[in-house]
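The structure under discussion appears below in the form of structure tokens.
The values are calculated or read from the model by the stated rules, or taken from the named source; none is laboratory data. Quick caveat, the model's predicted, so the values are computed rather than measured. A quick note on method: Cβ atoms are made from the backbone with ideal geometry, for glycine too, and the neighbour counts reach across all protein chains shown. SASA here: full protein model, heavy atoms, side chains in, ligands and nucleic acids out. Shrake-Rupley method; radii C 1.70, N 1.55, O 1.52, S 1.80 Å.
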Amino acid sequence: MAKDQIVSTMFRFHTLYCIIATLSVFSFISIICWCQFSSKCYSMNIIMMQKAKESIDLLTFPYAWNLLSFPADPPSQILKIGVFVKKWPHRSHAGGLERHALTLHLALAKRGHELHIFTTSSPNCTFPTYPFPNLVFHLSRPTSGGYLDQAVVWEQLRAQNSTGRPFDVIHTESVGLLHTRAKNVPNLAVSWHGIAYETIHSDIIQELLRSPEERQATMMTERAMKVVEEVRFFQRYSHHVATSDHAGDVLKRIYMIPEERVHIILNGVDEEIFRPELSLGIDFKQKFGISKSRSLVLGIAGRLVKDKGHPLIHEALKQIFMEKNKFQQSVTVLVAGDGPWGARYKDLGANILVLGPLEQAQLAKFYNAIDIFVNPTLRAQGLDHTLLEAMLSGKPVMATRVASITGSVIVGPESGYTFSPSVESLKKTLYKVWNDGRVVLENKGKAARQRGLQLFTATKMAAAYERLFLCIGREQYCKYQK
């Protein structure tokens, strides 16, 4: 019996090893090819194409559409767009997917397009209202798992599609509309905010950081099989939008989706809200009693949970405070957000201020009050909005060295810092930030804002999506001329 168990265990280990080894080979190939159009090479290729003044086929364009310049005026064709999102954001309680949905579709509504949002609403919740008659919500009760009831929303879509003119395009935020329904919709685009292949990197990081007292994770084999499952059903979606350069490469090379069906459109945030404004920062500091004698103010924001890296930065700060009393005396750390790690930050000392969740207007003040924004995320998927908000606010950023961040956001030292997901690497980078001081950080902040204006504004994002949606309906819009 014991012998059978040993053989079974060895077989499972061998199977897992083979799966990870295979994925690693694909990843290695992916990284080699992806590096060909990242950082400086990325910009140089774009410049060369623009100088050539040749017409670009947008469907096979291998870079982020945010780099292109689309007309500022709304197009002559007003689109009727159907949108599927499992949850619409409510005040400060919104994840990256919900914030993307809000920012993008409000911007498209402002440009005059007719939008129909198919989403969930619980019976006792008040739903937000907006001053756009062309923005219509079709609400339904969520399933027990919190998802859209596919049968209900499909009937809502069919009813609306038969009223007046049919939809020009359908947009689903991740699996808002499941592949079982999406396979029948040729004019559909799906935006991915995280795919299983990327989460394997996150799993590896968290396993390496696991303490001896914690139970060993058993998810890696399941995650590898999830990748296989996604490779199969992703093919059923007509067009795919990757929100980072790395995700776009993975979709094409690992998930084997034809390049003309994969489009990179980086996330964007509202540049009217997130901008440098000195007075906002001064007011925020006064409100929370932050002394002018503090030489450095670090900012952290988001969900205060394990996979966002809060155990990592908590331990790094704890060790630094013990090693360098002067660091603790001269640095203030502002923590915005809610989650179990909020209370633990308070135990580190009086120079850690836990602010709780902040509304957008308060977040804008928060970014203006800090000297640098720190994102210690352990999640390798998606493109974190907080980094983009900080950059648009003119602040340098410091984040974990994962492919989506180093490939699309912090592509060099000009605008910030990156670190490996370990306590020692994070400590080393925090010390460097402290030694560099405010003058260096201000210069990096200016460079960060310039990159933000080039790539990460809501205007840039909405214009790119608008052009994609037009292109899906009419071939004439698939050609780009500078």
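The figures follow:
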read-out	value
Close pairs (6 angstrom Cβ cut-off, 6 or more residues apart or separate chains): part of a loop (DSSP other than H, G, I, E, B) in the range 85-114, of a type in the set (A, V, I, L, M) anywhere	PRO89/LEU102; GLY112/ILE78; HIS113/ILE78; HIS113/LEU79; HIS113/ILE81
Selection from the range 243-272 of residues that are open to solvent by 10 Å² or more (accessible area, probe 1.4 Å) and closer than 22 Å to LEU363 by Cβ	ASP270, GLU271, GLU272
In the range 273-297, residue farthest from TRP192 (Cα to Cα) [restricted to those that are in a loop (DSSP other than H, G, I, E, B) and open to solvent by 70 Å² or more (accessible area, probe 1.4 Å)]	SER293
Boolean, SER404 is within 21 Å of VAL433 (Cβ to Cβ) and either assigned by the TED database to the domain that holds ALA448 or in contact with a Phe, Trp or Tyr (Cβ under 9 Å, 6 or more places away or on another chain) (or both)	no
Counted residues, the range 364-395 - those being over 18 Å from SER420 (Cα atoms) and of a type in the set (D, E, K, R)	4
Any helices (runs of 4 or more DSSP H) falling wholly within the range 154-256 and containing at least 1 residues that are closer than 30 Å to LYS308 by Cα, aromatic (Phe, Trp, Tyr) and at pLDDT below 95	196-209
Members of the range 113-169 found to be more than 19 Å from ALA189 (Cα to Cα), surrounded by 11 or more Cβ atoms within 10 Å (Cβ to Cβ), over 25 Å from the mean Cα position of the chain (by Cα) and of a type in the set (Val, Ile, Thr), listed by number	VAL136, THR143, VAL152
Any strands (runs of 3 or more DSSP E) falling wholly within the range 336-429 and containing at least 2 residues that are in contact with a Ser or Thr (Cβ under 7 Å, 6 or more places away or on another chain) and under 22 Å from TRP192 (Cβ atoms)	397-400
Some residue of the range 371-379 being open to solvent by 30 Å² or more (accessible area, probe 1.4 Å) and closer than 24 Å to GLU173 by Cα	yes
Test: residue in the range 407-422 that is under 19 Å from SER244 (Cα atoms), in contact with a His (Cβ under 9 Å, 6 or more places away or on another chain) and hydroxyl-bearing (Ser, Thr, Tyr)	yes
